[in-house]
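Have a look at the structure below, then the notes.
The numbers here are math on the coordinates, done by the rules we state, and not lab data. These numbers come from a predicted model, not from an experiment. Neighbour counts run over all protein chains shown; Cβ positions are idealised from the backbone, glycine included.
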Amino acid sequence: MRRLALAGEALGVEFKSDRKRLSDAQLVEAVACMANGDGGAVLVGVEDDGTVTGVAPRHGAVTRAPLMQALISNLTVPPLSTAVTAVDVDGLTVLAIEVESSATPVGTNGGVYTRRAMRTDGRPECVPYAFHEMYSRAVEVGQADHARVVLKGATLDDLDPLEFERMRAMSRSGGDATLATLEDHEIARALGVLGPGGAVLLGAMLLFGRQDSIAEFAPSHEVLFQVLEGTAVRTNLQSRAPLLAAAEDLYERVSIVNREEEIDAGLIRLAVPLISPIAIREVVANALVHRDYTRLGAVHIQLDDDALTVSSPGGFPEGITLDNFLRENRPRSPLLADAFKRAGLVERSGRGINRMVAETIRLGRAAPDFSRSSSASVVAVFALGRADVELARFVFERERAEGVPFLLADLQVLARLRQGGSLSIADAAPFLQKSEAETRAALGRMASRGLVDQRGSGRGSRYHLSAPVYRALGDRAAYVRAHGFTELQVENMVLAYADAHERITRAEAADLCSLTPAQASNVLRRLASEGRLAMHGSRRGAYYTLPVVPREPGAS
């Protein structure tokens, strides 16, 4: 508690003085404000500068936490559940109210709605929670689909018949073929983009609208496409084309500059493009479908000498983070996502990002990097460096021979181990975005297929690429480097070092044989116990020499 007070206020920490007897209304307003952000703690009895002054008895006694929890629940709409604790700090009582983030806007029963925000001077405060912000939040957490908003004044005449024909053509060539047999208004109804009485929804405008109508009724929709050569802008396109047309146009424009490198794969020539066409389709579709249409801003696609960068307004939907986006699937607009699936433009299983990552690694290229994403935008970066053609060839030939594609986890592990070294289960679990049990099963499956070798057991297990994989990759020596020396080799190296330098320490043995200090100690102690080394000193001062061989009597 003292550490929180000394650290000062933050978005997740609010101080409230009780010197002048904080009213119940003020207290509840502060708690509701915290719930409308990322959650945190309200500390009652702490001044703005972090000085602890304590609280006065409230409703009988400060330690009766259930009464305080009930008070907060009764005075918030909807009722808010909190955890209240009375903490003693140098003889003064501080009331700590822990508040979780609420998916639903929380107000006081007096109708006050506020949220946490940072002031221009870097200090946090509670500011009015505007309705459009509440609505945007509802979209974020999946409680509302902005594509279902009714566009007042829009009619069917604002929709382009050519875009409905585009949907029919797409559905015939890989989507939901039943759409190809329907009239324009029937397609719109089947996709759920017409409201009661034939009202035009935002989803209809985004999918089928005329460009001038989109500019009027859906001004947040815009696409920017740039191709840069050095600092020169080769292509600079700005468009408000409806989503299906925009997707096709962007696929085509990236494909034109998507150079290929051919490699031999037995009797077959394998084409390795700069970017997987499947990954292009998925990342463009994701940017158009999952962007936040409650925010102004364009989907921006930029291709330069080093990377393809795709950014879309709005961060990941609520509950999706950089640590779980391969596991979780939560579309911001289920309506638009369904339309793209039925058009055949995205993976129908909803695992488009997984497919994007897998197809990129399959071509021997680095997985797309999402680390630049923030609460303001999702950013995917595809590096355009030289492909690992040996890895691409190996994956292609192994999949062709077995008739079974590699799973995403297999490709991720192969790509990571290809960089050298080894992996433990704890190392692999975070980038696979799996639990340790799932990771253990995945690595065990790879070991049974002969893709990796396991050394050690239990949590100490480490995994390396197998010798056959290294041979297929044309790097035989890497197997020895990755797997380290055999026990016999380590012993011989230690003995040879002690002979040449008259002594050896634990640190020297560890450095010589690429061992941990504990492993080096075990080797030296074992050799000493076997009489092949003699130990001198103890603990960190210990060193080892070859044993002195007694001379034969009469020997000169």
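Can you spot the aspartates and glutamates whose alpha carbon is less than 14 Å from Lys434's alpha carbon? Ignore those fewer than 8 places along the same chain.
Once the sequence-local aspartates and glutamates are set aside, what remains near Lys434 is Asp323, Glu328, Asp410.
Mind listing the Cα extents of the range 407-483 along all three principal axes, in Å, largest one first?
Each principal axis gives a Cα extent; for the range 407-483 these are 33, 25, 20 Å.
Give the Cα extents of the range 83-141 along the principal axes, in whole Å, largest first.
45, 29, 24
Send over the Kirkwood Rh of the range 101-184, from the inverse of the averaged 1/r over different Cα pairs, rounded to one decimal Å.
Taking the inverse mean of 1/r over all distinct Cα pairs, the range 101-184 comes out at 17.2 Å.
Determine by what factor the alpha-carbon radius of gyration of the range 2-129 differs from 2.2 N^0.38 Å, reporting the quotient.
Working it through for the range 2-129, the quotient is 0.97.
In the chain, what cysteines have no partner Cβ closer than 4.7 Å?
Cys513
Provide the descending list of Cα extents for the range 254-409 along its principal axes, expressed in whole angstroms.
52, 33, 30
Once each part is reduced to its C-alpha centroid, what is the distance from the range 225-239 to the range 395-440 in angstrom?
37
Of the peptides 319-326, 75-82, how do they stack up when ordered by the mean number of other Cβ atoms within 10 Å, highest first?
Descending packing order for the listed peptides: 75-82, 319-326.
For the range 183-250, which GluC sites (Glu not before Pro) are in a loop by DSSP, counting at most 12 other Cβ atoms within 10 Å?
Loop-located and lightly packed - Glu183.
Scale the Cα Rg of the chain by the rule-of-thumb value 2.2 N^0.38 Å and send over the ratio, two decimals.
1.31
What list do you get for Asp249, Asp338 if you sort them by fewest beta carbons within 10 Å?
Going from least to most buried by this count: Asp249, Asp338.
For the range 243-314 and the range 75-127, compute the distance between their C-alpha centroids and round to whole Å.
44
Quick one: work out Rg over Rh on the C-alpha atoms of the range 487-545, Rh as Kirkwood radius.
Ratio value, two decimals: 0.90.
Using only the Cα atoms of the range 325-434, each taken as one equal point scatterer with no solvent, compute I(q) by the Debye sum, divide by I(0), and report log10 of the ratio at q = 0.14, 0.15, 0.20, 0.23 Å⁻¹.
Results for the range 325-434 at q = 0.14, 0.15, 0.20, 0.23 Å⁻¹ read -0.69, -0.79, -1.24, -1.39.
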